[in-house]
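One structure is given below, represented as structure tokens, and several questions about it will come after.
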Amino acid sequence: MTNAVGPRAVFGVIVPSTNTVVEHDYWRSGVPGVAYRAGSMYIPDPVMGNDDDFRALLGQIRASIDTAVRDALTAEPDRMVMGMSAETFWGGIEGNAAFEQRLRDRTGLPVTTGASSCRAALHELGCHRIAVFSPYQPVADVEVGRFFTEAGFDVAAITGLRCPTAMDIARVAPDRLRAMIAEIDAPDVEAIVQVGTNLSFVAQADELERELGKPVIAINAATLWYALRDHGFDDRVDNAGTLLREH
């Protein structure tokens, strides 16, 4: 259901209550006539300092997602976007497909997730051998790697920043991200992929693409790109990476 600030479309965006980056990245793109209405997944305990903590954090996500979806639906959006990535990689290809189907069944709307968006982006860019980084703990990186491997990609490296809390993801400095990419990049790596939607990386990814001469995919840029293209919008966006600028 379009409105005055979204005469072309309104996207419902489901985000953790600790996330301060997703909505900023989407509005920053400046896509005319598209608006975003967030539904918040309540995170009372944001600690994610080890594998068990991370599993517990996912449990909080799963306990609160229905309320977040309910709230976003009150704005009568045209599409639902999952603005939290770990849950969309969990369980590999089948887990992502099942999650998307549950969300479609719950909302009656087209659904966009980070995992599917990154897969589509890599296919669009013609990249097969990739290196991946996240803000996660090892238990989550295993699931991310599983998804990409099952999707047919060659994962040369995958590692996480091991952020101690969900809020600390948004506090990671650009220098730390640059060092992480230097750690996982190699001449035979065709693309760098970043997951973890509270990591502020879209603008820096655009800079690094120019420096490295290869795609550097920020998950928020990929998810917005895929949501727009799947919705029939061909808008091109500067300063947000090759995907939104050229594809």
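The values are calculated or read from the model by the stated rules, or taken from the named source; none is laboratory data. Just so it is clear, the structure is predicted and the values come from calculations on it, not from any experiment. Please note: Cβ atoms are built from the backbone with ideal geometry, for glycine as well, and neighbour counts cover all protein chains shown. With ligands, DNA and RNA removed, areas are computed over all heavy atoms of the protein, side chains included. Shrake-Rupley method; radii C 1.70, N 1.55, O 1.52, S 1.80 Å.
Quick one: net charge of Asn19's neighbours, Cβ under 14 Å, K/R +1, D/E -1? Mind dumping the intermediate values first?
Numbers: positive: Arg171; negative: Glu23, Asp25, Glu87, Asp168.
The answer is -3.
To the nearest 20 debye, what charge dipole does the range 127-235 have about its Cα centre, counting +1 at the Cβ of each Lys and Arg and -1 at the Cβ of each Asp and Glu?
280 debye
Return the calculated 222 nm mean residue ellipticity for the chain, to the nearest 500 deg cm²/dmol, obtained by summing -39500 (n - 2.57) across DSSP H runs with n ≥ 4 and dividing by the residue count.
On the way: 10 runs with 114 residues, N = 247.
Mean residue ellipticity at 222 nm (helix-derived): -14000 deg cm²/dmol.
Let me ask something additional. Calculate, for Val142 and Thr74, the FRET efficiency according to 1/(1 + (r/R0)^6) with r their C-beta to C-beta distance and R0 25 Å; round to the nearest 0.05. Can you show the working numbers first?
Details: r = 37 Å, r/R0 = 1.46.
Computed FRET efficiency for Val142 and Thr74 comes out at 0.10.
How high is the relative contact order of the chain, in percent, with contacts defined as C-alpha pairs under 8 Å that are six or more residues apart? Walk me through the intermediate numbers first.
On the way: 488 pairs, mean separation 51.8, N = 247.
Normalised by residue count, the contact order of the chain is 21 percent.
Next question, about the same structure. Kindly write out, for the range 41-50 in residue order, the coupling ³J(HN,Hα) from the Karplus curve 6.51 cos²θ - 1.76 cosθ + 1.60 (θ = phi - 60°), rounded to whole Hz, with x marking Gly and Pro.
Going residue by residue, I get 8, 5, 10, x, 10, x, 5, 8, x, 8 Hz, with x marking Gly and Pro.
Can you match P(r) over Cα pairs in 10 Å bins from 0, in percent to one of these, (i) 8, 32, 38, 21, 2; (ii) 8, 35, 39, 17, 1; (iii) 7, 29, 29, 15, 10, 7, 1, based on a calculation from the structure here?
Computed from these coordinates, P(r) over Cα pairs in 10 Å bins from 0, in percent corresponds to label (ii).
Another question, then. Of the DSSP beta bridges with both residues in the chain, give the percent that are antiparallel, rounding to the nearest 5.
Details: 1 of 28 bridges.
Counting only bridges with both partners in the chain, antiparallel ones make up about 5 percent.
Ok, one more. Explain nothing, just compute: Karplus ³J(HN,Hα) = 6.51 cos²θ - 1.76 cosθ + 1.60, θ = phi - 60°, for every residue of the range 231-246 in order, whole Hz, x for Gly and Pro.
8, x, 9, 10, 4, 9, 10, 7, 6, 9, x, 4, 3, 6, 8, 10
If you don't mind, another one. Please get the size of the charge dipole for the chain, origin at its Cα centre, with Cβ charges of +1 on Lys and Arg and -1 on Asp and Glu, quoted in debye to the nearest 20.
With Lys and Arg at +1 and Asp and Glu at -1, about 440 debye.
Under a point spin-label approximation (7 Å from Cα along Cα-to-Cβ), what is the Thr149-Arg28 distance to one decimal in nm?
3.3 nm
Moving on. Put +1 on the Cβ of each Lys and Arg and -1 on the Cβ of each Asp and Glu in the chain; which of Cys127, Gly91, Ala4 then has its Cα farthest toward the positive end of the dipole?
So the residue we want is Ala4.
Additional query: Within the chain, what whole-number % of the accessible surface is contributed by carbon and sulfur, with the 1.4 Å probe and all protein chains included in the calculation?
50 percent
Assign one of three labels to the range 53-178, namely rounded, prolate or oblate, based on the Cα gyration tensor with a ≥ b ≥ c the square roots of its eigenvalues; rounded applies when a/c is under 1.5, prolate when it is not and a/b is larger than b/c, and oblate otherwise.
Since a/c reaches 1.5 but b/c is at least a/b, the shape of the range 53-178 is classed as oblate.
Would you please give the residues with an amide H less than 5 Å from that of Thr165, counting only those at least 5 places away or on a separate chain, with H modeled from the backbone geometry?
So Thr165 has HN proximity to Met48.
Would you please give the FRET efficiency between Met1 and Met167, computed as 1/(1 + (r/R0)^6) with r the Cβ-Cβ distance and R0 = 41 Å, to the nearest 0.05?
E between Met1 and Met167, to the nearest 0.05, is 0.80.
Right, here's the next one. Between Thr20 and Arg8, what length in nm is gained on full extension when 0.36 nm per residue of separation is reduced by their alpha carbon distance? Before the final figure, lay out the partial values.
Values: separation 12, 0.36 × 12 = 4.32 nm, distance 2.48 nm.
Going from the current span to full extension adds 1.8 nm.
Provide the net charge surrounding Val10, with neighbours chosen by a C-beta distance below 14 Å and charges set as Lys +1, Arg +1, Asp -1, Glu -1.
Computed value for this residue: -1.
What whole number of Å gives the distance from the Cα centroid of the range 1-48 to the Cα centroid of the range 87-150?
So the separation of the two Cα centres works out to 19 Å.
Tabulate in residue order the Karplus-calculated ³J(HN,Hα) for the range 19-31, using 6.51 cos²θ - 1.76 cosθ + 1.60 with θ = phi - 60°, rounded to whole Hz; enter x for Gly and Pro.
Going residue by residue, I get 8, 10, 10, 4, 4, 4, 5, 5, 5, 4, 4, x, 5 Hz, with x marking Gly and Pro.
I want the local charge near Ile130. Using Cβ-Cβ distances under 13 Å, sum +1 for each Lys or Arg and -1 for each Asp or Glu among the other residues.
Once positives and negatives cancel, what remains is -1.
Springs between alpha-carbon atoms under 10 Å, Gaussian network over the chain: tell me which of Leu73, Leu122, Leu212 tops the mean-square fluctuations.
Checking each option, the largest mean-square fluctuation is seen for Leu212.
Select from the chain the helices, each a whole stretch of DSSP H, whose alpha-carbon atoms run 20 Å or more along the helix axis and whose Kyte-Doolittle mean is at least -1.0; answer none if there are none.
Result, helices passing both filters: 51-73.
Please work out the Cα convex hull volume for the range 117-247 and give it in Å³ per residue. Spell out each step's value before the answer.
On the way: hull volume 13.1 nm³, N = 131.
Hull volume over Cα atoms, normalised by residue count, gives 100 Å³.
Per residue, what accessible area does the chain have, given a 1.4 Å probe and all protein chains present, in Å²?
40 Å²
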